[in-house]
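The structure appears right after this line, and notes come after that.
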């Protein structure tokens, strides 16, 4: 599906308005880029990843290929902006970790060897480790549940994590 990206939330999440929704609609999709994990905003290189994603897609027409919908209601997708495959480009620039897919891992190794982006650091902390060490996973999940209208699940999860 095609449409316009009107908000970049962080280095791997954005708000997208599909053309099919029409110009009068205020509806949007929250998109999480498939097969990558970018640094969190408060993490080193988090702002760089957010700026790079913004430069590639913000206020641009993109093509979205849905891979899945996650537990939090986000669409997990591959993003194409013109001739740029955005998910891959962020890994190529050293601004996101790749999934386990062999092709993406090769692109990540190339970025590491060239010391691009976060790979300038001796041992950059992966975002999943950073989230765990900073106890933001549960608050991030809370926000995601609330933003998708799952207030009851958010309250239940909150009571489980206290």
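Quick look at the numbers
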| quantity | calculated |
| --- | --- |
| Selection count, segment 30-61, where residues are touching a strand residue (DSSP E or B) at 6+ places or on another chain (Cβ under 8 Å), in contact (Cβ under 8 Å) with a residue 60 or more places away in the chain and farther than 30 Å from residue 102 by Cβ | 0 |
| Helices (runs of 4 or more DSSP H) contained in segment 82-137 and holding at least 2 residues out of contact with any helix residue (DSSP H, G or I) (no Cβ under 7 Å at 6 or more places or on another chain) | 102-113, 127-133 |
| Hits in segment 1-29 (condition: in contact (Cβ under 8 Å) with a residue 60 or more places away in the chain, assigned to a loop (DSSP other than H, G, I, E, B) and closer than 16 Å to residue 64 by Cα) | 1, 12 |
| Candidate set: segment 31-62, residues that are part of a strand (DSSP E or B) and in contact with a helix residue (DSSP H, G or I) (Cβ under 7 Å, 6 or more places away or on another chain); chosen: the one surrounded by the fewest Cβ atoms within 10 Å (Cβ to Cβ) | 37 |
| Verdict on residue 76 being modelled with pLDDT of 95 or more, under 22 Å from residue 129 (Cα atoms), touching a strand residue (DSSP E or B) at 6+ places or on another chain (Cβ under 7 Å) and part of a strand (DSSP E or B) | yes |
| Failed item in (1) under 24 Å from residue 125 (Cβ atoms); (2) modelled with pLDDT of 95 or more, with residue 104 passing the rest | (2) |
| Cβ-Cβ under 7 Å pairs, at least 6 apart or on other chains, segment 62-84 side touching a residue at least 60 places away in the same chain (Cβ under 8 Å), far side in a loop (DSSP other than H, G, I, E, B) | 64/1; 72/148; 73/148 |
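The values are calculated or read from the model by the stated rules, or taken from the named source; none is laboratory data. Source: prediction; values computed, not measured. Cβ atoms come from the backbone with ideal geometry, glycine included; neighbour counts cover every protein chain shown.
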